[in-house]
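Since the structure comes first, as structure tokens, the remarks are kept for the end.
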Amino acid sequence: MDRWLWAVRLTKTRSDAAAACRGGHVRVNDKPAKPATSVTPGDEVRARVGDTVRIVEVVRVIQKRVGAADAVGCFIDRTPPPPKPTEAPAPVARRERGAGRPTKRERRVLDKFRGSGF
């Protein structure tokens, strides 16, 4: 399992793939996977890589790391697209550079803008 994750470029290093398996971040067909777990074509692999969960279906098993173009053909990516943000981020209060410390009046305006009741 760790070798396949590394070979198809889901993780940067093989040790990262093995650590993800040991940490319980990789599942094969909804079962926890150890680094030595073997995969076969048709298996569904769920791997948490960074902050995202990648869901892929194994198409071809490879043992050696290949180029990115070849690696894409070894799995089908079934990861759902990330949700779209529903609202725009809140505006950030900024002061001009070099303006110095805010005055008491400016501090009250900033606190009111930020929503704190101090």
| said: Could you tell me the center-to-center distance, by alpha carbons, between region 1-47 and region 65-118 in angstrom? | reply: 32
| By average Cβ neighbour count within 10 Å, what is the ranking of 100-112, 6-18, 77-89 from highest down? | 6-18, 100-112, 77-89
| field | Angle in degrees between helix 104-114 and the longest Cα principal axis of the chain, rounded to the nearest 10 | value | 40
| region 65-118: C-alpha gyration tensor shape, a/c 1.5 cut-off, then a/b vs b/c | prolate
| What residue among 8, 115, 102 has its Cα farthest toward the positive end of the dipole of the chain, where the charges are +1 on Lys, Arg and -1 on Asp, Glu, each on the Cβ? | 102
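So what is the relative contact order of the chain, in percent, for Cα pairs below 8 Å that sit 6 or more residues apart?
Working: 155 pairs, mean separation 23.1, N = 118.
Value for the chain: 20 percent.
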| field | Label-point separation in nm, residue 29 to residue 77, each point 7 Å along Cα→Cβ | value | 2.6
| message | Give the aspartates and glutamates reachable from residue 12 as a straight Cα distance under 14 Å; neighbours fewer than 8 places away on the same chain don't count. | response | 2
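Taken together, the values in this text are just the output of simple stated rules run on the coordinates, not laboratory data. As the structure is a prediction and not an experimental result, all values here were calculated from the model. Reconstructed Cβ throughout: ideal geometry from the backbone, glycine too, with neighbour counts over all protein chains shown.
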